[in-house]
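Q: First the structure, then my questions, so here it is.
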Amino acid sequence: MAQLTYHDKAKGRYARLAVQVNGKRCYINIGYSSTQKDQKRDHRYLELVDDLETVKASGLRIDAKTKRELAILQEKNPQFVQRLLKAGLLKETGSRRTVKQLFDEHFQSKLGVNKDRSCRNYRQAQKVFEDYVGGETLIADVTVGDVENFISEMRREGRESSTIGNYLKRTRHAFQYAVDHEWIEKNPIQYSGKDFKIVKTTSKQKIQEKLVTQAAIGRLMDEPNAFEFKLLLSLVRWTGCRIGEALILRWSDVSFDEDDPCIELREKDTAHSGTDRSKNPTRTVPLFAELRPLLEQARELAGDDEYVFNELGGLQQKPDFELTDANGQRIREGRYETNVGGHLTRAIRKAGLEVWPQPWHAIRDFRLNELSRLGYRDVEISAWCGNSESVRQRHYSATAVTAEDRRRAAGAQPEAAGAHMVLNFDDQISVDQIVELALEDAEARILLEKLLVRLNRADSRYARKTAKYTREES
């Protein structure tokens, strides 16, 4: 048991505690004690040291009540806490970690487990919270109220709900790491996930619906651009692939085989870096007829090039994926991560169009909607574009329902002469013209498909009526 002793000194009576630690007697100074308030302090410290001495001897863990008392003591008398540490009654506790120390340690713990880029993304999101509460703030001092104030501040700054949710989710992971290591008892990062769903904002969706039309896409595709950029634009436009998947495409991934012309796309990189392709998931998409002539021309010009794209964004000097050092820091940027958004933004402006949100994503979005309009099954679109129907409903539905959609729904009405069809457009168009256009234009092909369906239905109705009249006459 600890003992409280007093000693007379020149400046007054001095208090200290005698304790047994690991079989050895040692003394912990409290300080001068000249008032009743000082004596109450001395006895509180005696009770605390008694508890710590018992915990030390038994090998048990410090209970929550004692932890709270030590946290208060650290704030009011950090010098005495240091004396407890020096005496061996305490170990340096995790609650003494600062917010910055926690985030740095969490980052290091994930390196080599998660992708380096993911680790950095987590640390960058955590840095926003760190800047708000202060990097030197103790993790034990962060409260639910701090989190609520952080959310309010982010909203005042105009951050999107999905962005705030990203900050909170990644910060919560680090604090859960502290809870799991028993540095703190409860995770202070508390919030309702349903308030921060990661979805495309209504404002962006409405803008995209207005701007990304058949006419706008056609105008962009017709604009004279450098050949390699035109090829990249066409690849995304007709396959609906992600821009990163296009940038790592190799000629060995492209098959011009007449029996099965196709492109094998390597999807998002897994937890490896470098140029090893064996671990990457792949999917096979058709070599669409609209894309084939340009891709064949590019193949003739490619010579011995391994990759389809080499000039944009310095791609020639880059590996497929980024290369990192032991600390997860990027050594070399990879093809997959190369930002070519500026190329598309300039091309859109050059075509005299207003730049839409998420330009490359918008073209992929447009193609997914177009494939659906062309009548392809959901299972085919999922296989070719690499996402599920439910994901498309959440993130790929920004292409507006247009007047053309309504006209297609209304269908074609046959004239008596049969030589022309009224297609609910301002002008009539001959069947021969439709066939000719369908060879080059996807929209015209839709019209032809609808036309043939109408004709088949008309023939069926005519056949049924003729059979009915024949039976009646007989």
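Q: Looking at the stretch 20-54, which of its residues are in a strand (DSSP E or B) and either within 19 Å of residue 73 (Cα to Cα) or without any contact (Cβ under 8 Å) to a residue 12 or more places away in the chain (or both)?
A: 24, 25, 27, 28, 29, 30, 31, 32
Q: Okay, moving on. Among the listed residues 187, 225, 149, 166, identify the single one that is touching a residue at least 24 places away in the same chain (Cβ under 8 Å) and not assigned by TED's automatic domain parsing to the domain that holds residue 358.
A: 166
Q: For the stretch 7-28, which positions are surrounded by fewer than 14 Cβ atoms within 10 Å (Cβ to Cβ) and not charged (D, E, K, R)? Step through it out loud before you land on a result.
A: Here is the first cut: in the stretch 7-28, the ones surrounded by fewer than 14 Cβ atoms within 10 Å (Cβ to Cβ) are 7-13, 22-25, 27.
Across the stretch 7-28, the qualifying residues are 7, 10, 12, 22, 23, 27.
Q: Oh, and also: Confirm whether residue 220 is over 23 Å from the mean Cα position of the chain (by Cα), part of a helix (DSSP H, G or I) and either at pLDDT below 90 or not aromatic (Phe, Trp, Tyr) (or both).
A: Yes: the conditions hold for residue 220.
Q: Residues that are of a type in the set (Gly, Ala, Ser), in the same structural domain as residue 84 (by TED's automatic domain parsing) and either within 52 Å of the chain's Cα centre (by Cα) or surrounded by fewer than 10 Cβ atoms within 10 Å (Cβ to Cβ) (or both): does the stretch 36-57 have at least one? Steps first, answer last, please.
A: Let us first name the residues in the stretch 36-57 that are of a type in the set (Gly, Ala, Ser), namely 57.
So of that shortlist, the ones also in the same structural domain as residue 84 (by TED's automatic domain parsing) come out as 57.
Filter once more, keeping what is either within 52 Å of the chain's Cα centre (by Cα) or surrounded by fewer than 10 Cβ atoms within 10 Å (Cβ to Cβ) (or both): 57.
Yes: one or more hits.
Q: One residue is enough: does the stretch 133-140 have a residue meeting the conditions in a helix (DSSP H, G or I), in the same structural domain as residue 118 (by TED's automatic domain parsing), surrounded by 17 or more Cβ atoms within 10 Å (Cβ to Cβ) and modelled with pLDDT under 90? Walk me through how you get there before you give the answer.
A: Narrowing the stretch 133-140 to residues in a helix (DSSP H, G or I): 133, 139-140.
In the following step, the residues that additionally are in the same structural domain as residue 118 (by TED's automatic domain parsing) were identified as 133, 139-140.
Now narrow it down to the ones that are surrounded by 17 or more Cβ atoms within 10 Å (Cβ to Cβ): 133, 139-140.
Then drop every residue that is not modelled with pLDDT under 90, which leaves 140.
Yes, the stretch 133-140 has at least one match.
Q: Check 89, 84 and return the single one that is part of a loop (DSSP other than H, G, I, E, B), more than 40 Å from the chain's Cα centre (by Cα) and farther than 26 Å from residue 157 by Cα.
A: Sole residue among the options that is part of a loop (DSSP other than H, G, I, E, B), more than 40 Å from the chain's Cα centre (by Cα) and farther than 26 Å from residue 157 by Cα: 89.
Q: Could you tell me which numbered condition residue 199 fails, if it satisfies all but one of (1) buried (at least 17 other Cβ atoms within 10 Å of the Cβ); (2) modelled with pLDDT under 85; (3) touching a helix residue (DSSP H, G or I) at 6+ places or on another chain (Cβ under 7 Å)?
A: It fails just one condition, (1).
Q: How many residues, within the stretch 240-261, are out of contact with any Leu (no Cβ under 7 Å at 6 or more places or on another chain) and within 21 Å of residue 369 (Cα to Cα)?
A: 3
The values are calculated or read from the model by the stated rules, or taken from the named source; none is laboratory data. Owing to the predicted nature of the structure, the values given are computational and were not obtained by experimental measurement. Cβ sites come from the backbone with ideal geometry, for glycine too, and all protein chains shown count toward neighbours.
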